[in-house]
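Written below as structure tokens is the structure these notes are about.
Here, each number is a calculation from the coordinates, and none is a lab measurement. Everything quoted here is computed from the prediction, not taken from an experiment. All Cβ positions, glycine included, derive from the backbone under ideal geometry; neighbour counts span all protein chains shown.
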Amino acid sequence: MKNQFESIQPWIAQVLNAIKKDIKTEHLGSDPVFYKVNFGNRPQNRLTSEEIFTAYEKELLKGNEDLSEWVVNRWVFKNGDLYRHFAERLSAIHPDFDQIQNLTEEQSHEVLKGADLAFDAVSVFLFSVLNGVVFPETVVKKTRESS
């Protein structure tokens, strides 16, 4: 499977910006190896957001699974309304929506119905990719193009 962050590459900084506080207060201090490799001995308060985001983007694109999971979890938490929208719609298709292997075009349209009115197109696209919503490729392409 393709690295989900490769699929959202133009918007990685947007995802990271949404969780910037969590990165600075939680993750940077909890991963000393990551910190040392990317920032050496520089004090955290001397790092710019751009430097931090560049290091995170590089790691995410390399496929760092632990970091990817942490970023996705924090971003989803910050987007609870979007999560609820998808959870409600997917639960109507299958009560345990994690078990859905793929969605039809019709099911995809039901899941996305109303999302364009309640949320911005980029957030809908990011959510669907980061959470591995199993839309058909045509639907993924269409949501990306509308972002």
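Taken along the Cα-to-beta-carbon direction at a fixed 7 Å, the label points for T104 and E50 span 5.1 nm.
Taking the structure as given and computing P(r) over Cα pairs in 5 Å bins from 0, in percent, which label from (i) 2, 8, 10, 10, 8, 7, 6, 6, 6, 5, 5, 5, 5, 4, 4, 3, 2, 2, 1, 1, 1, 1, 0, 0, 0, 0; (ii) 2, 9, 19, 20, 18, 13, 9, 6, 4, 1, 0; (iii) 2, 9, 16, 16, 14, 11, 8, 6, 6, 5, 3, 2, 1, 0, 0 fits? Answer label, from the structure shown: (ii).
Under 16 Å of direct C-alpha separation, and excluding same-chain neighbours fewer than eight residues apart, K141 reaches these lysines: K2. Full extension of the chain between K113 and N3 yields a length gain of 36.9 nm, computed as 0.36 nm times the residue separation minus the alpha carbon distance.
Rounding to the nearest 20 debye, state how big the charge dipole of the chain is about its Cα centre with +1 on each Lys and Arg Cβ and -1 on each Asp and Glu Cβ.
Values: 17 positive and 22 negative charges, 120 e Å.
So the dipole magnitude of the chain works out to roughly 580 debye.
Other residues within the sphere of radius under 12 Å centred on the Cβ of H85, judged by their own Cβ, net out at -1 (K and R +1, D and E -1).
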